[in-house]
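The values are calculated or read from the model by the stated rules, or taken from the named source; none is laboratory data. Quick caveat: nothing in here was measured; it's all calculated off a predicted structure. So basically every Cβ, Gly included, is an ideal-geometry build from the backbone, and we count neighbours across all protein chains shown.
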Amino acid sequence: MIDLGKWNTLEVVRIEDRGVYLDGHESGEILLPTFEGGKDQELGAWLKVFLYKDSEDRLIATTKTPKIQVDEYALLNVTQVNQVGAFLDWGLSKDLMLPFGEQKRRVSQGVSLVVRAYVDEETGRIAATTKLGRFLDKVERRFLEDEQVDLLIVRRSTPGYNVIVEGTHWGMIYHDQIFQPVSIGDKVKGYVLGTREDNKIDIILQKPGAEKVGTLAEQIMDKLQQGGGFISVGDKSDALEIQAMFGVSKKTYKKALGQLYRERKVLLEGGGVKLI
């Protein structure tokens, strides 16, 4: 059985000038065109290919890597909009369709947006949707506090950034918990702060607790050594200065300085930090 919109490993059963044909089992032979990676292949070889449908609705194979697979999320650019919907650049010769009915808000050419790829049950074609909510928070899963998770930054909102956690749940990173540059479409690591009553997950980007402070202390020591034994950002410095240099809150920075001071590695003087 083949998987449309995903990677498959199929055997070369016929070779022609236009490319090679692969054994698609119950789907019949599937063409891997020369321009899609079908050049110089051998009969009987097993190839890893991505399967999608061409402009004539025929199964087609490629060795090119798409920017998104079925059941995945990614940030894609709108290449054109016509009377049937929008079309997205997903790295293949035929653009990915985003039907009007799958647009949470009407999109325009040139914008980039996070979508999910799926197989339309009526047409059997691969399509995209911006209506992500119907796919998320459906899986029963308990996230542990401080657990490291994979995140996709989806959109900016009033309280912070909405993110997809582990590809299955909605999460939120609040503005006052962000101490590094983030952009829509970024795929980053984060940590679970807790789960709210509505099952939405609060996320932070920095390592929590003592581990985070210990790592920051090492960064401060590195910065001191690079700066000739002194840095001008101390425990009384403005929070924005601290964030700009180390990407953390003032509270966390003071904890790390306190650890280094107790270990007699630094002195706090001259409005900054001095290496002992």
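A compact table of results
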read-out	value
Entirely in the stretch 149-223, the strands (runs of 3 or more DSSP E) that have 2 or more residues that are touching a strand residue (DSSP E or B) at 6+ places or on another chain (Cβ under 6 Å) and either surrounded by fewer than 17 Cβ atoms within 10 Å (Cβ to Cβ) or free of Cβ contacts under 8 Å to residues at least 12 places away in the same chain (or both)	187-195
Residue check, K138 surrounded by fewer than 18 Cβ atoms within 10 Å (Cβ to Cβ) and assigned to a strand (DSSP E or B)	no
Matching residues in the stretch 1-58 - criterion: being hydroxyl-bearing (S, T, Y) and surrounded by fewer than 17 Cβ atoms within 10 Å (Cβ to Cβ)	T9, S27, T34, S55
Test: residue in the stretch 251-262 that is assigned to a strand (DSSP E or B) and free of Cβ contacts under 8 Å to residues at least 40 places away in the same chain	no
Residue under evaluation V12, criteria (1) more than 27 Å from F135 (Cβ to Cβ); (2) β-branched (V, I, T); (3) at pLDDT below 95, criterion not met	(3)
Boolean, K254 is farther than 27 Å from L152 by Cα, surrounded by 13 or more Cβ atoms within 10 Å (Cβ to Cβ) and among the charged types (D, E, K, R)	yes
Index of the failed condition, V233 passing every other in (1) more than 25 Å from the chain's Cα centre (by Cα); (2) assigned by TED's automatic domain parsing to the domain that holds R155; (3) of a type outside the set (D, E)	(2)
Number of the exception - G110 against (1) touching a Lys or Arg at 6+ places or on another chain (Cβ under 9 Å); (2) under 30 Å from G171 (Cβ atoms); (3) of a type outside the set (S, T, Y)	(1)
